[in-house]
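Please treat every number below as a calculation from the coordinates, not as lab data. Everything numeric here is computed off the predicted structure, so don't read it as measured data. A quick note on method: Cβ atoms are made from the backbone with ideal geometry, for glycine too, and the neighbour counts reach across all protein chains shown.
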Amino acid sequence: MKAISILGSTGSIGCNTLKVVEHLGDTRVVAMAAGRNMPKFAAQIAQFRPELVSCDDGSCAENLERELHSYGAKAPRIELGPNGLIAVASHPESETVVSATVGAVGFVPTLRAIEAGKRIALANKETLVMAGELMTTAAVKCGAEILPVDSEHNAIHQCLRGETKNEVRRLILTASGGPFRTKTKDEISKASRAEALDHPNWKMGEKITIDSATLMNKGLEVIEARWLFGFEADRISVIVHPQSVVHSMVEMIDGSVIAQMGVPDMKHAIQYALTYPARQENCTGSLDLAKIGSLEFAEPDLDRFPCLGLAYRALKEGGTTPAALNAANEVAVGAFLADQIAFHRIPEIISNIIDAHVSTEADSIEAILKADEWARERAIMAVSETAVAV
Ligand code: MG
């Protein structure tokens, strides 16, 4: 039996991971962490019986014990907060850590798992955006393997199997274009929360769904690709592909383009990361291209979707700028989801913050967390200045 830990088990990726674990049959979950959704967490614990679990705080733990009692299940060892996440990430028995928390909170726990030499099935792209250099350097040093669960990067990982890096011309990330692909700039600027959450192809958590609507998700993925595969910004392109069938592509120096295709279901990428280098029977169905009929492609529009350009800018500036971009985005998206700001304020707030950010070397946890905190505070101020206007 393979042993895994899951950070963020009650989220979209976490739940899909548990479905894959059930399907594979040769994998057990030794530790898992969730935030505050204790009814769901208790049901998962009762089914998968991990040895260690973690949740946000003491009141969550009390709720969890109460919920577990109703299943007649004995509570496992419970840890709390950031230290709990680290304990789950570095559980001595787990060989693979599925890093699926949302946002910056996953950074230090994922780094600890890397330092413990574990395989990382990485869904938490924000950690690489913030600290790509630190994490990839630590992975090389500690012999940890990072396998992308993000569908685009998972696709590129598959396209690059057996290829040589210096024979690659560029990476091509596909973007669905999100719910506003065909909307005008004016319509996008006034978009409601419900419209922004209505993603055409993928069922995901709220934060990433808003990131898909602004195209910041694709921007964060460009930065993620830079660190996962070692290509500079000018060798990473984005193409809009509304069907989400081609999950991404690699263009070789001889002009060959290798694409990975499949049904848009995250269980595929999760299973690939858990079983790599082996492939196993899937539980997600086959791709029926005849039924889909046609595949479309278009250039992304940076005027209507400025967040993508902001992410390229942050990547080119380097240092702590991507960490500041990520933190500003997390705050702005949170404020939009809380109905505190209008949709068009998301790129405005991020742009102002990276304009003001003085980038330093992103060579330590402290430097990265300092930039994250600085940008977060500034973004909160920017939100409160305009919140009343909505
Ligand atoms: Mg993705």
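GNM on the chain, alpha-carbon springs under 10 angstrom: the most fluctuating residue among Y272, Y312, Y71 is Y71.
Between the alpha-carbon centres of segment 114-165 and segment 182-226 there is a gap of 24 Å. By the Cα gyration tensor, segment 2-148 has an equivalent ellipsoid whose semi-axes, rounded to whole angstrom, run 25, 16, 12 from largest to smallest. For the chain, C15, C142, C159, C283, C307 stand unpaired, since no other cysteine beta carbon lies under 4.7 Å from theirs. For E167 and K370, the difference between the fully extended length at 0.36 nm per residue and the C-alpha to C-alpha distance is 69.2 nm.
Highest GNM mean-square fluctuation among T214, T110, T360, for the chain modelled with Cα contacts below 10 Å: T360. Here's how it looks for T10: its modeled amide H is under 5 Å from those of G35, which are all 5 or more places away or on a different chain. Taken about its Cα centre, segment 2-148 carries a charge dipole of about 220 debye when Lys and Arg each add +1 at the Cβ and Asp and Glu each add -1 at the Cβ.
Dimensions of the chain based on its C-alpha atoms, expressed as ranges along the principal axes with the largest first, amount to 55, 52, 43 Å. For the peptides 365-373, 274-282, 169-177, 297-305, the ranking by mean Cβ contacts within 10 Å, running from highest to lowest, is 169-177, 365-373, 297-305, 274-282.
In this structure, the residue pairs whose Cα-Cα separation is over 30 Å, taken from K165/K207; K125/K370; K19/K185; K19/K141, are K165/K207; K19/K185; K19/K141.
FRET efficiency for N201 and E361, Cβ-Cβ distance as r, R0 = 30 Å, nearest 0.05?
Efficiency for this residue pair is about 0.20.
Of all DSSP-defined beta bridges confined to the chain, some 30% are antiparallel rather than parallel.
List the pairs from K118/K267; K74/K203; K2/K74; K183/K316 whose alpha-carbon separation is above 27 Å, in the order I gave them.
K74/K203; K183/K316
A Förster radius of 41 Å combined with the Cβ-Cβ distance from S70 to M1 puts the calculated FRET efficiency at roughly 0.90.
Taken over the Cα atoms of segment 195-305, the convex hull encloses 153 Å³ per residue.
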